[in-house]
Amino acid sequence: MTTISSALQAVAERIALAATASARDPRTIALLAVSKTWPAEAVRDAFQAGQTRFGESYLQEALEKMNRLADLPLEWHFIGPVQSNKTRPIAEHFNWVHSVDRAKIADRLSQARPATLPPLDVCLQVNVSGEASKSGATPTDVPSLARHIAGLPRLRLRGLMAIPRPTLVVEEQRAQFAAVRSLFDDLNAQGLTLDTLSMGMSQDLEAAVAEGATMVRVGSAIFGARPSADMQ
Ligand SMILES: *Cc1c(COP(=O)(O)O)cnc(C)c1O
């Protein structure tokens, strides 16, 4: 077994344990393998071990990888900050965008999504930690922004994404994920039909699963430590 395939298995076991501890079915939690900064060959190894969903943060790097891996049926998720001059290639090449945090970006993605493809699956990124440096809509802006996105013809609003303030204190991890979950429940109570809570990474996936994550985004626990901190 390759290192990547045994790491994928270990992450699947962590998800399963966390799910069982919260009386959840592990099959309701999808694993997004975050392959940013890793070469196409690492993605190919992961695919051979059964992984099909991959997350990327840098457009140019992602497009090159997609090219090299065009022979594989992969699902690509854009998880980095979206610059407005990059919305067209993102809308043309990705299956999902997790990092939509303003109306202008949503409008441009919807306009650029080719008619030959299904609507682009998107998550609204919310900044629950209140850190000014972080991307994401403020919780107060989430309801109106979510309704706006849900009304766009070429986008399909699937749910919320969050990158909480990193902490090793499990209670603090859980409190931040619970805040995202509560926003998500409110939106569904207001009539939206969201099915995706994109939260939890290598360090805090257990807390995210305990608070209702349906998709965890895991990089370093699968591929190894990245050369530099590059979290947005
Ligand atoms: C890099 C990144 C991840 C993965 O982080 P790890 O700690 O390596 O698991 C998840 N989500 C986003 C948005 C990222 O940028």
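The values are calculated or read from the model by the stated rules, or taken from the named source; none is laboratory data. Values in this document were obtained by computation on a predicted structure and should not be read as measured data. As a convention, Cβ positions derive from the backbone with ideal geometry for all residues, glycine included, and neighbour counts pool all protein chains shown. Accessible surface areas use protein heavy atoms only, side chains included; no ligands, DNA or RNA. Shrake-Rupley method; radii C 1.70, N 1.55, O 1.52, S 1.80 Å.
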Starting at the first residue of segment 220-225, write each ³J(HN,Hα) from the Karplus equation 6.51 cos²θ - 1.76 cosθ + 1.60 with θ = phi - 60°, in whole Hz, x for Gly and Pro. 4, 5, 9, 9, x, 6
Long-range amide H partners of Ser99 with built H, under 5 Å: Cys123
Need one value: the accessible area of Met215 in square angstrom, 1.4 angstrom probe, rounded to the nearest 10. 10
How large is ³J(HN,Hα), in whole Hz, for each residue of segment 144-150 in order, when computed from phi with the Karplus curve 6.51 cos²θ - 1.76 cosθ + 1.60 and θ = phi - 60°, using x for Gly and Pro? 6, 5, 4, 5, 4, 5, 4
Which residues' amide hydrogens lie under 5 Å from the amide hydrogen of Ala30, considering only partners 5 or more residues apart or on another chain, with H built in the peptide plane? Met215, Val216
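Please list Thr214, Thr116, Thr138 from largest to smallest accessible area, probe radius 1.4 Å, with all protein chains kept in place.
On the way: Thr214 30, Thr116 130, Thr138 65 Å².
My answer, sorted largest first, is Thr116, Thr138, Thr214.
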At a probe size of 1.4 Å, how large is the accessible area of Thr140, to the nearest 10 Å²? 120
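Could you state the accessible area per residue of the chain in Å², with a 1.4 Å probe and every protein chain left in place?
The answer is 45 Å² per residue.
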Of the heavy-atom accessible surface of the chain (probe 1.4 angstrom), what whole percent is carbon and sulfur? 53
Work out the length of the dipole vector of the chain about its Cα centre, built from +1 on the beta-carbon of each Lys and Arg and -1 on the beta-carbon of each Asp and Glu, and round it to the nearest 20 debye. 520
For Arg165, enumerate residues with amide H under 5 Å from its amide H, sequence gap 5+ or separate chain, H modeled in the peptide plane. Ser129
With the convex hull built on the Cα atoms of segment 110-232, state its orientation-averaged projected area in nm². 8.7
Calculated from backbone phi, Karplus (6.51, -1.76, 1.60) coupling profile of segment 66-77 in Hz, x at Gly/Pro: 4, 4, 5, 10, 4, 7, 10, x, 9, 10, 9, 10
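How would Ser6, Ser110 line up by accessible area, probe 1.4 Å, largest first? Numbers along the way, then the final one.
Numbers: Ser6 50, Ser110 10 Å².
Order by accessible area, largest first: Ser6, Ser110.
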Computed [θ] at 222 nm, deg cm²/dmol, the chain (DSSP H ≥ 4; -39,500 (n - 2.57); rounded to nearest 500): -12000 deg cm²/dmol
For the chain, with the dipole built from +1 on Lys and Arg beta-carbon atoms and -1 on Asp and Glu ones, taken about the Cα centre, which of Ala33, Thr52, Thr87 lies farthest toward the positive end? Thr87
Order by accessible surface, 1.4 Å probe, largest leading, for residues Arg165, Arg156 comes to Arg156, Arg165
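Please work out whether segment 1-130 counts as rounded, prolate or oblate from its C-alpha gyration tensor, where a ≥ b ≥ c are the square roots of the eigenvalues and a/c under 1.5 means rounded, while otherwise a/b larger than b/c means prolate and anything else oblate? Walk me through the numbers before you get to the answer.
On the way: a/c = 2.09, a/b = 1.34, b/c = 1.56.
Note, shape of segment 1-130 comes out oblate.
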